[in-house]
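Asks: I'd like to ask you about the structure that follows.
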Amino acid sequence: MATPAVTDKDPGDILSLALEWHAAGKRVALATVIKTWGSSPRPPGSNLAVAEDGRFEGSVSAGCVEGAVIEAAQEVIATGSQQLLQYGVTNDEAWAVGLACGGQIEILVERIE
């Protein structure tokens, strides 16, 4: 899987892009950082848009957990069921996916309807 480029785009730009993909007939999920604790690479409100064809834009963790979030987004696209993801230094999965910055993040992934 390609490593996402860290982006400083306005979250509204990412949402607009996700809506464009959806309007073009693609199924799309949007991941949004909804809460952070301690040191976190991206602030609340940061977005990552993921299309069913594997295209993605934005960032929820500056690359730390993007791979895992993209996988969750593909599952959300397929099932339509949103997911609430949590990563932190006390979570074994966080270390496995690369979130070793000392903080915690909570990410909501939902399909755009």
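Every read-out reported here was derived from the displayed coordinates using simple, explicitly stated rules and does not represent laboratory data. For clarity, every value in this text was computed on a predicted model and none was experimentally measured. No Cβ is skipped: glycine too gets one built from the backbone with ideal geometry, and neighbour counts run over all protein chains shown.
Asks: Per q in 0.21, 0.23, 0.24 1/Å, what log10 I(q)/I(0) does a Debye calculation on the alpha-carbon atoms of the stretch 11-111 return?
Replies: Log10 I(q)/I(0), no solvent term: -0.98, -1.14, -1.22.
Asks: Now for a different question. Please give, to one decimal in nm, the separation of the simple spin-label points placed at Leu108 and Ile34, each 7 Å out from Cα toward the Cβ.
Replies: Going by the 7 Å Cα→Cβ label model, 0.4 nm.
Asks: Order these by the 10 Å Cβ neighbour count, fewest first: Thr79, Thr36. Write down the numbers at each step before the final one.
Replies: Values: Thr79 10, Thr36 19.
Ascending number of Cβ neighbours within 10 Å: Thr79, Thr36.
Asks: What spacing in nm lies between the two simple spin-label points modelled at Arg55 and Asp13, each 7 Å away from Cα in the Cβ direction?
Replies: Here the modelled spin labels are 1.6 nm apart.
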